[in-house]
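The values are calculated or read from the model by the stated rules, or taken from the named source; none is laboratory data. It should be emphasised that the depicted structure is a prediction, and the values quoted were computed from it without experimental measurement. Note that each Cβ is placed from the backbone with ideal geometry, even for glycine, and that neighbours are counted across all protein chains shown.
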Amino acid sequence: MTEIQPLVEMRGVHKNYGTLQVLSGIDLEMWPGDRLVVIGPSGGGKSTLLRIMMGLEDIRRGEIDLLGKRYITGHEQSGKTRIDSTLRKQVGMVFQHYTLFPHLTIISNLTLAAIKTRGMPKPAALDKGMQLLKRLGLESKAQSYPSQLSGGQKQRVAIARALMLDPRLMLFDEVTSALDPELVAEVEAVMLELAEQQMPMMLVTHDMWFAKNIASRVIFCAGGVVVEDGPPEQVLGDPVNPRTREFIERVF
Ligand code: ADP
Ligand code: MG
C-alpha cells in the first residue's frame, strides 16, 4: 500500500521582522488536493506565511517540507535559512497587486520566465502560453500590454503566468481585494476551476462566501499561531475558539 504523504508540512515556523515577532510557531499540514484558506486579522502574518512558502522570506526557526522533501529550514544560531531552489520552482504565487511587467505584451509576460529561467524552447512556450490564454478567454489580448487590460483580466493573466511553470502548489494572496466588485467573479471563477482540477492551493481572502465555496480546509491565524484549523463548515460556521468566533461574527 502506498502511503499518502502530506504535500506541505510546517513545524514550528517562527518569523520576525527585527523585533516584531510575526509568526510564533506555525504548525500545519496540507494534503494533496487540499484548498487551504487562511483567514485572520489584518497584520496577523497571512501574507508573510505565503511569502515564506514561496521562498521569499527567511524564517528564524522551524522547518517546512514540500512534496515529502525538506524545503525550508530555519537556523536560529547562524541566522541562515536554507531554501531548496528546486522545490521553490514547484510553487506559484499570485499577489494582490498585479505584478505584470508593464513594458511586455501579455504573451511575453507569460513566456518570459519559462524561456529565460526554465529553458523552455520559445515555440513551445508560445504554444503553451496561447493555450492558457485561450483557456482563460484572453486569447485576443496576447499582443496587448497590461495597461490595456482591466484589473480582472490582469489578475487572470497573473494566474496564467504562474501556471506556465507547472506549479504543484499555488498561493493566492488576496488576489481580488484590489478589484472593482464587478471584476471579482471572473477571477474567482478561474480559481474555482483550478480547484475542480485538484490544484492544491493556499489562499488568503477576506471574502468569506468565496472561502466557503472553495476551501477544503480553513485555518484561522492570529497572534502568530494557528488558532483554529478545520473544515469550512466548522471554522466559518461554528467556530470552537472564542477568538475565531469573534472574528467570524465581525466579517460575515
Ligand atoms: P497580513 O497579511 O495578515 O495582513 P502581514 O504578513 O502582511 O499580515 O504582516 C504581518 C506583520 O508584519 C505586520 O505587522 C506587518 O506590518 C509586518 N511586516 C510585513 N512585512 C514586513 C517587512 N518587510 N518589514 C517589516 N515588517 C513587516
Ligand atoms: Mg496580507
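Quick check: anything in the range 74-96 within 13 Å of ligand 1 (Cβ to nearest atom) and of a type outside the set (Gly, Ala, Ser)?
Initial filter on the range 74-96 (within 13 Å of ligand 1 (Cβ to nearest atom)): 95-96.
In the following step, the residues that additionally are of a type outside the set (Gly, Ala, Ser) were identified as 95-96.
Yes, the range 74-96 contains a residue that is within 13 Å of ligand 1 (Cβ to nearest atom) and of a type outside the set (Gly, Ala, Ser).
Of all residues in the range 210-231, how many are within 18 Å of the chain's Cα centre (by Cα) and not aliphatic (A, V, I, L, M)? Working first, answer last.
The initial filter retains those residues of the range 210-231 that are within 18 Å of the chain's Cα centre (by Cα), namely 210-221, 226, 229.
So of that shortlist, the ones also not aliphatic (A, V, I, L, M) come out as 210, 212-213, 216-217, 220-221, 229.
Residues in the range 210-231 being within 18 Å of the chain's Cα centre (by Cα) and not aliphatic (A, V, I, L, M): 8 in total.
If you check every pair at least six apart or on different chains, which have Cβ atoms under 8 Å apart with a residue in the range 14-31 that is in contact (Cβ under 8 Å) with a residue 12 or more places away in the chain and part of a loop (DSSP other than H, G, I, E, B) first and a residue that is aliphatic (A, V, I, L, M) and away from ligand 1 (no atom under 13 Å from the Cβ) second?
Pairs that qualify, where the first residue is in contact (Cβ under 8 Å) with a residue 12 or more places away in the chain and part of a loop (DSSP other than H, G, I, E, B) and the partner is aliphatic (A, V, I, L, M) and away from ligand 1 (no atom under 13 Å from the Cβ), are Trp31/Ile4; Trp31/Leu7.
Just to check your reading of the model, which residue among Leu126, Leu104 is in a loop (DSSP other than H, G, I, E, B), at pLDDT 95 or above and of a type outside the set (D, E, K, R)? Please lay out each step first, then the result.
Values: Leu126 fails: in a loop (DSSP other than H, G, I, E, B).
None of the other options fit; the residue is Leu104.
So which residues in the range 90-100 are in a loop (DSSP other than H, G, I, E, B) and in contact with a Lys or Arg (Cβ under 8 Å, 6 or more places away or on another chain)?
Of the residues in the range 90-100, the ones in a loop (DSSP other than H, G, I, E, B) are 90, 95-100.
If the condition is that a residue be in a loop (DSSP other than H, G, I, E, B) and in contact with a Lys or Arg (Cβ under 8 Å, 6 or more places away or on another chain), then Gln90, Tyr98, Leu100 are the ones that fit.
Give the residue that is nearest to ligand 2 (Cβ to nearest atom), with candidates limited to residues of the range 18-39 that are under 16 Å from the mean Cα position of the chain (by Cα) and surrounded by fewer than 22 Cβ atoms within 10 Å (Cβ to Cβ). Lay out the reasoning, then the answer.
Quick first cut of the range 18-39, residues under 16 Å from the mean Cα position of the chain (by Cα) only: 28-39.
Next, only the ones that are surrounded by fewer than 22 Cβ atoms within 10 Å (Cβ to Cβ) stay: 28-29, 31-34.
Values: Leu28: 17, Glu29: 22, Trp31: 24, Pro32: 26, Gly33: 25, Asp34: 20 Å.
Looking at the filtered set, the residue picked out is Leu28.
Conditions: (1) within 16 Å of ligand 2 (Cβ to nearest atom); (2) without any contact (Cβ under 8 Å) to a residue 12 or more places away in the chain. Thr73 meets all but one. Number of the miss?
Among (1) within 16 Å of ligand 2 (Cβ to nearest atom); (2) without any contact (Cβ under 8 Å) to a residue 12 or more places away in the chain, Thr73 violates only (1).
Given (1) in contact (Cβ under 8 Å) with a residue 24 or more places away in the chain; (2) assigned to a loop (DSSP other than H, G, I, E, B); (3) of a type in the set (D, E, K, R), where does Arg11 come up short, assuming only one miss?
(2)
Only residues that are touching a residue at least 60 places away in the same chain (Cβ under 8 Å) and not in a strand (DSSP E or B): list them for the range 32-46, please. Steps first, answer last, please.
So in the range 32-46, the residues touching a residue at least 60 places away in the same chain (Cβ under 8 Å) come out as 32-41, 44-46.
Hits for the range 32-46 are Pro32, Gly33, Asp34, Gly40, Pro41, Gly44, Gly45, Lys46.
Which one of these does Phe252 not meet: (1) at pLDDT 95 or above; (2) over 22 Å from the mean Cα position of the chain (by Cα)?
Looking at each condition in turn, Phe252 falls short on (1).
Can you find even one residue in the range 134-141 that is assigned to a helix (DSSP H, G or I), of a type in the set (Lys, Arg) and under 27 Å from Thr86 (Cα atoms)?
No, the range 134-141 has no match at all.
With Leu110, Leu49 as the choices, which residue is in a helix (DSSP H, G or I), in contact (Cβ under 8 Å) with a residue 40 or more places away in the chain, within 15 Å of ligand 2 (Cβ to nearest atom) and not hydroxyl-bearing (Ser, Thr, Tyr)? Steps first, answer last, please.
Numbers: Leu110 fails: within 15 Å of ligand 2 (Cβ to nearest atom).
Of the residues listed, the single one that is in a helix (DSSP H, G or I), in contact (Cβ under 8 Å) with a residue 40 or more places away in the chain, within 15 Å of ligand 2 (Cβ to nearest atom) and not hydroxyl-bearing (Ser, Thr, Tyr) is Leu49.
Give the range 52-73 a look and list any residue that's part of a strand (DSSP E or B) and of a type in the set (Val, Ile, Thr), or say none.
Within the range 52-73, Ile64, Ile72, Thr73 qualify.
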